[in-house]
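Q: Below are the structure tokens for one structure; questions will follow.
The values are calculated or read from the model by the stated rules, or taken from the named source; none is laboratory data. Predicted model, so just to flag it, every value in this text is computed and none were measured. Cβ: placed from backbone, ideal geometry, glycine included. Neighbour counts: every protein chain shown. What goes into the accessible areas is simple: the full protein's heavy atoms, side chains included, and nothing from ligands, DNA or RNA. Shrake-Rupley method; radii C 1.70, N 1.55, O 1.52, S 1.80 Å.
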Amino acid sequence: MALRDWFPKYRQDVVLLAVDLVGTFVFAVEGALAGIRGELDLLGLLVVSFVTALGGGTVRDLLIGAVPPNSIRDWRYGATAFAGGGAVFCFYQSFQHVPQQLLITLDAAGLALFAMAGAGKALEFGINPMIAVLMGVLTGVGGGTIRDVLMTRVPGILNTDIYASAALAGASLMVIGLALKVPRTIAMTVGGVCCFALRMVAVSRHWNLPKVIAH
């Protein structure tokens with residue numbers, strides 16, 4: 001039996017697409033805010049917005065053979081990312097008044113959704129379950145990592161709070177659930193809630209993975 005026969009087909013329905021686009025917008029806004037702090041011009045800000053929102057999914061699609069990547073094939077993703085960057089550029093003062101806790105919550109929700117969608121799409125393409133989990137993590141954190149590299153700083157996921165680890169835990173739970181024949185909706189919901197809750201608790205309690213402090 002082929003590997004993909006063990007897992008249900010990944011299908012992006014209207015609700016999932018809508019939430020996916022919301023996550024894209026939120027990540028684009030985060031990228032644009034980072035671009036403003038880095039004193040980028042309009043073009044640089046839009047580029048950073050695009051890669052923050054869609055970089056992880058684009059790299060994932062290239063690695064699993066889903067070409068052209070969805071960010072290029074479906075115009076709605078690029079338009080949403082540019083809309084987020086443009087909104088920040090035009091209304092920066094308004095975005096400064098958005099509560100930080102709200103941005104963190106939306107970011108955690110976007111991370112959870114992207115991790116679930118990324119792992120699910122990898123499974124559809126017959127990718128090994130363990131690698132599919134990594135593709136889910138890449139989808140959630142890849143864009144922010146590319147953004148940080150472009151802005152010449154250590155990627156935040158490597159030294160702040162629990163971020164990639166939350167995506168890893170949620171995607172793993174979803175893939176295990178699918179392997180046990182749990183309905184896709186339930187498996188994705190449980191994995192997404194796990195990712196979201198772990199990220200939010202980590203932020204509120206300042207949890208970090210262990211590190212060695214050099215003297």
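Q: Based on the Cβ-Cβ distance of Ser204 and Tyr92, what FRET efficiency does E = 1/(1 + (r/R0)^6) give at R0 = 35 Å, to the nearest 0.05?
A: On the way: r = 27 Å, r/R0 = 0.78.
The pair Ser204/Tyr92 has a calculated efficiency of 0.80.
Q: Give the carbon-plus-sulfur fraction of the accessible surface of region 52-199 in %, rounded to a whole number; probe 1.4 Å, heavy atoms of protein chains only. All intermediate terms of the calculation are to be shown ahead of the outcome.
A: On the way: 4780 of 6610 Å².
Using a 1.4 Å probe with all protein chains present, region 52-199 comes out at 72 percent carbon and sulfur.
Q: Kindly express, to the nearest 10 degrees and within the range 0 to 90, the angle between helix 100-124's C-alpha long axis and the longest C-alpha principal axis of the chain.
A: For 100-124 against the chain, the angle is about 40 degrees.
Q: Please work out how much length the chain gains when fully extended from Arg76 to Leu158, using 0.36 nm per residue of separation minus the C-alpha to C-alpha distance, in nm with one decimal. Present the calculation step by step, with values, prior to reporting the outcome.
A: Working: separation 82, 0.36 × 82 = 29.52 nm, distance 3.05 nm.
Roughly 26.5 nm would be gained on extension.
Q: Next up: Going by Cα centres, region 61-139 and region 151-215 are how many Å apart?
A: 15 Å
Q: What FRET efficiency, computed as 1/(1 + (r/R0)^6) with R0 = 41 Å and r the Cβ-Cβ distance, is obtained for Lys211 and Ile186, rounded to the nearest 0.05? Mind showing how you got there, number by number?
A: On the way: r = 36 Å, r/R0 = 0.87.
The calculated FRET efficiency here is 0.70.
Q: If Arg147, Arg73 are ordered by their accessible area, calculated over protein heavy atoms with a 1.4 Å probe, which sequence runs from highest to lowest? Kindly include the intermediate steps, with their values, before the conclusion.
A: Working: Arg147 35, Arg73 130 Å².
Largest to smallest exposure gives the sequence Arg73, Arg147.
Q: Cα convex hull of region 90-166: mean projected area in nm², to one decimal? Numbers along the way, then the final one.
A: Numbers: hull surface 26.0 nm².
Averaging across all directions leaves 6.5 nm² for the Cα convex hull.
Q: Calculate, in nm to one decimal, what Met130 and Leu62 gain on full extension: separation in residues at 0.36 nm each, minus their alpha carbon distance.
A: On the way: separation 68, 0.36 × 68 = 24.48 nm, distance 1.76 nm.
Full extension of this stretch gives 22.7 nm more.
Q: Classify region 57-132 from the C-alpha gyration tensor, please: rounded if a/c falls under 1.5, else prolate or oblate depending on whether a/b exceeds b/c. Write out the running numbers ahead of the final one.
A: Numbers: a/c = 4.40, a/b = 1.77, b/c = 2.49.
In terms of gyration-tensor shape, oblate.
Q: Keeping every protein chain present and rolling a 1.4 Å probe, give me the accessible area per residue for the chain in Å². Before the final figure, lay out the partial values.
A: Numbers: 11020 Å² over 215 residues.
With all protein chains present, the chain gives 51 Å² per residue.
Q: For the Cα atoms of the chain, what angle does the longest principal axis make with the long axis of helix 75-90, in degrees from 0 to 90, nearest 10?
A: 30 degrees
Q: Between the helical axis of 184-205 and the dominant principal axis of the chain, each derived from Cα atoms, what acute angle in degrees is found, rounded to the nearest 10?
A: Long axis of 184-205 versus the principal axis of the chain: about 40 degrees.
Q: How compact and how long is the chain, expressed as Rg and Dmax of its alpha-carbon atoms in Å?
A: 17.0, 57
Q: Of Gly142, Gly23, Gly156, which is the most mobile in a GNM of the chain whose springs link Cα atoms less than 10 angstrom apart?
A: In this elastic network of the chain, the residue with the biggest mean-square fluctuation among Gly142, Gly23, Gly156 is Gly156.
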